[in-house]
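Just so you know, all these numbers are worked out from the coordinates, no wet-lab data involved. Given the structure is predicted, the values throughout are model-derived calculations rather than measurements. Cβ placement follows ideal geometry from the backbone for every residue including glycine, while neighbour counts extend to all protein chains displayed.
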Amino acid sequence: MLTIDGLVGTLDLEPVGPDRYRAGNAEAGHGVIFGGQLLAQAIVAGLAGHDHKRVKTVHTVFARSGRPDAPVEISVDRMHDGRAFASSTVTIGQGERLCSRSLVLLSSDEPDFIRHADPAPDAPGPGDAAPADDDEGAWQVRIAGDVDINDPEAVGPADLDVWTRFVGAPDDPAVDQALLAFATDGFLIATAMRPHAGVGQAQAHVTVSTGVVSHTLTFHEPA
C-alpha cells in the first residue's frame with residue numbers, strides 16, 4: 001500500500017551535481033514507474049532554486065516506461081529566470097533510458113490585473129461520493145456521482161470529477177503542487193474510456209495495453 005512517507009520521499013531529490021538529482025520511486029503497481037510520480041518530480045525539480053515562484057504550467061511527454069526498482073536521474077536545464085517568470089526543461093531517465101521530459105513554466109505571486117476562468121463544475125461534495133477501492137491508504141479518492149470507472153459497460157461523457165487528498169502530507173506549497181500533479185495522472189485513461197462501451201480501466205495492463213504519452217497541467221490560483 002502506498003504510504004505518505006514513501007510518496008513524499010520520492011520528492012526528496014538528492015543533489016548529485018549542478019542541476020542534477022537522484023530520487024527513489026513509489027510502488028504503484030504494474031511493474032513500471034507511475035507517470036504521476038514523474039510529473040511530481042518534474043515540478044519539484046523545476047522549482048528548485050526558485051523560492052518565490054510557483055509552477056504555472058507543466059507539459060510532459062512520457063517517452064518510455066521506467067523500472068520502479070532503480071532510482072531515477074533528473075536533470076534540469078534552466079531556460080530563463082526573470083523577475084516574473086522562469087522556465088526550465090526537466091529530463092528524467094534511468095541510465096541511457098530517457099523516461100520523460102517536461103517543460104515547466106513558473107511565475108511569481110503577484111496581484112491579478114485581470115482574471116477569467118471556467119466556473120467550477122457543479123459536482124457533489126466528497127461526503128456524497130463513495131470511496132474508491134483503495135481509499136484507505138495515504139491517497140484517498142472519491143469520484144463524484146459514484147461513477148464506476150472500472151465497469152466496461154458504464155458509458156458516459158469524457159469528463160470525470162474527482163475529490164482526492166493525501167493524508168499526512170506536509171504543509172508545503174511545492175509538495176501541494178507535486179501531489180496534485182501525481183493524482184491527475186491516475187484518471188486520464190479512465191476518463192478517455194468512458195464514452196466507449198466494452199472498455200474500462202480494470203482492463204488496463206490486463207487485456208488492453210494503455211499508457212499516458214503526454215500530459216499538460218495548468219495550476220489556477222483561487223480568487
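The calculated Kirkwood hydrodynamic radius for the stretch 61-149 is 17.6 Å, given to one decimal from all distinct C-alpha pairs. Taking Cα atoms only, the orientation of helix 173-184 departs from the longest principal axis of the chain by about 40 degrees. Of interest is the spacing of the C-alpha centroids, which for the stretch 70-132 and the stretch 144-223 amounts to 16 Å. Here is the size of the stretch 1-105 from its Cα atoms: Rg then Dmax, 13.3, 43 Å.
Relative to the longest principal axis of the Cα atoms of the chain, helix 35-47 runs at roughly 30 degrees. Using a Gaussian network for the chain with springs between C-alpha atoms less than 10 Å apart, which of these wobbles most: G200, G66, G95? Between G200, G66, G95, it is G95 that shows the largest mean-square fluctuation. Spherically averaged projected area of the convex hull of Cα atoms, the chain: 13.1 nm².
To the nearest whole percent, what portion of all C-alpha pairs in the stretch 136-177 is separated by more than 13 angstrom? Before the final figure, lay out each step's value.
Details: 555 of 861 pairs.
Tail of the P(r) past 13 Å holds 64 percent of the pairs.
If a spin label sat at a point 7 angstrom from the Cα of A130 along the line to its beta carbon, the backbone N atoms of the stretch 147-162 nearer than 15 Å would be those of 147-155. In the chain, helices alone account for a calculated mean residue ellipticity at 222 nm of -4500 deg cm²/dmol, with every DSSP H run of four or more residues adding -39,500 (n - 2.57). By the equivalent-ellipsoid construction on the alpha carbon gyration tensor, the stretch 38-80 comes out with semi-axes of 22, 12, 10 Å, ordered largest to smallest.
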